[in-house]
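The values are calculated or read from the model by the stated rules, or taken from the named source; none is laboratory data. Only a predicted model underlies this, so the values are computations on that prediction, with no experimental measurement involved. All Cβ positions, glycine included, derive from the backbone under ideal geometry; neighbour counts span all protein chains shown. Each accessible area value is taken on the protein alone, full model and side chains, heavy atoms only, with ligands, DNA and RNA left out. Shrake-Rupley method; radii C 1.70, N 1.55, O 1.52, S 1.80 Å.
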Amino acid sequence: MQPINLLDLTYDALEAFVVETLGQPRFRTDQIWRWLWQKDARSFQDMTNLSKDLRSRLPELARVHWPEVTETHRSQDGTVKFLLQLHDGCLVETVLIPSVQGRYTQCLSTQVGCAMACTFCNTGQMGFERNMTHGEILGQILVGRRFLLDQGLPELRNFVFMGMGEPLNNLEALMNALRSMNSDTGLNISWRRATVSTVGLPKQLDILGASELALPAISLHAPTQELRAQIMPKAARVPLDELMACLDRFPMRPRERITFEYLLLGGVNDSLEHARQLAKLLSNRRCKVNLIAYNATDDAPYSAPDRDQVERFEKYLWDQGMTATIRRSMGADIKAACGQLKAQTIK
Ligand code: SAH
């Protein structure tokens, strides 16, 4: 039997392992959980409050496996990007982004590759390989937190599931990871510090909403069904009005809003007419728009929008009374856009 990676277990699953497999008292769960998620233990020998006998027996049954950092890139602007290798050799990316308050936001991957095949996205073009596990998703946080601590840099504060993959296509691992992030004897990340970026899958969004664990950011990228179907054909299998109806019932507290991401592709969806259609679609909804200038890669099928056009687009939305921001493009010198680093490495 392959030893299990203890990082893949939720608290409840770890408890079952401790009691049933190890034949140990229940309180050991808490001890091991703290070693894993608070004290960065990577070997059982480190777990000094377990008996010697237990410590030597554990390696036959289990291991503690972190994703392996194979490349670290630091950008001029403070962004740090890691290429991580999983136990089977698969590669994923995670990025630390300094935020205005000096703390860091971490961008997390949830799948190796992605099945959505959006026409502008590097990861989408790679196709889907597999889902990441609970331990692999949260392992990115262990790696990021350790790096910041070792470098004497500020702590992590926010998390965006905006890396490789479609998080809502890996719903079980995502929900378990969100729950584990909150554990006060574990990673102890305050409630609702996570945003899940998605193409918008209604059934899964309903489940995310009911959990109250995170808010969604929707990769809209087009104001009409027709244009959306052209640039993200698989995502657009969910008709726009169905997606909007689902978001209108997403449970939110008074000051919360849904984020719509709008990727501006030069000459495709960046005209003022598109801005007008977008305003019409969103103007009486509780939301904010995050405009992203397309990050053109080598042999990309689209071009970046004009800088002036991006600003005109933003201004139009403000003039209609909407909240819009232009996402700062960070880490361009280290290929920090979705899938770019991996794409370069596998070339
Ligand atoms: N699958 C999820 C999360 C991962 S993609 C989603 O679609 O939301 C995270 C964001 O990066 C999405 O809004 C995606 O459309 C955007 N993106 C993908 N390729 C990009 C590129 N080359 N330049 C800028 N943004 C890109």
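Our estimate of slack between Ser51 and Asp299, defined as 0.36 nm per intervening residue step minus the Cα-Cα distance, is 83.5 nm.
For the chain, the longest principal axis of the C-alpha atoms and the axis of helix 202-211 are separated by about 50°. Past 21 Å, Cα to Cα: identify those pairs from Lys280/Lys315; Lys234/Lys315; Lys234/Lys288, in the order given. Table pairs above 21 Å Cα-Cα are Lys234/Lys315; Lys234/Lys288. Residue separation of Arg130 and Glu68 scaled by 0.36 nm, minus their Cα-Cα distance, works out to 20.6 nm of gained length.
Estimated from helices alone, the mean residue ellipticity of the chain at 222 nm is -10000 deg cm²/dmol (sum of -39500 (n - 2.57) over DSSP H runs with n ≥ 4, per residue). Farthest toward the positive end of the dipole of the stretch 4-63, out of Phe17, Leu36, Leu7, is the Cα of Leu36, where the dipole comes from beta carbon charges about the Cα centre.
Put a dot 7 Å past the Cα of Trp318, heading toward its Cβ, do the same for Glu256, and the two dots end up 2.8 nm apart.
Between Ser99 and Glu20, the FRET efficiency from the beta-carbon distance, with R0 = 35 Å, is close to 0.25. When the charge dipole of the chain is built from unit charges on Cβ atoms (+1 for Lys and Arg, -1 for Asp and Glu) and taken about the Cα centre, the candidate among Pro254, Met175, Ile141 whose Cα reaches farthest toward its positive end is Pro254.
Carbon-plus-sulfur accessible fraction, the stretch 4-63 (probe radius 1.4 Å, protein heavy atoms only): 49%. For the stretch 23-87, trypsin sites (Lys or Arg not before Pro) are listed when DSSP marks them as loop and at most 16 other Cβ atoms sit within 10 Å of their Cβ; the list is Arg26, Lys39, Arg42.
The distance between label points at Arg249 and Lys39 comes to 4.7 nm (points 7 Å beyond Cα on the Cα→Cβ vector).
Per residue, the accessible area of the chain comes to 45 Å² when a 1.4 Å probe rolls over the protein heavy atoms.
Inter-label distance, Gln2 to Thr185: 2.9 nm, where each label sits 7 Å from its Cα along the C-beta direction. Protection proxy ranking, highest mean first, for peptides 3-15, 140-152: 3-15, 140-152, where packing is the per-residue count of other beta-carbon atoms within 10 Å, averaged. Taking a point 7 Å from the Cα of Ile326 along the Cα-to-Cβ direction, the residues of the stretch 291-311 with backbone N closer than 12 Å to it are 291-294, 305-311. Extension gain for Asn284 to Asp306 (0.36 nm times residue separation, less C-alpha to C-alpha distance): 5.1 nm.
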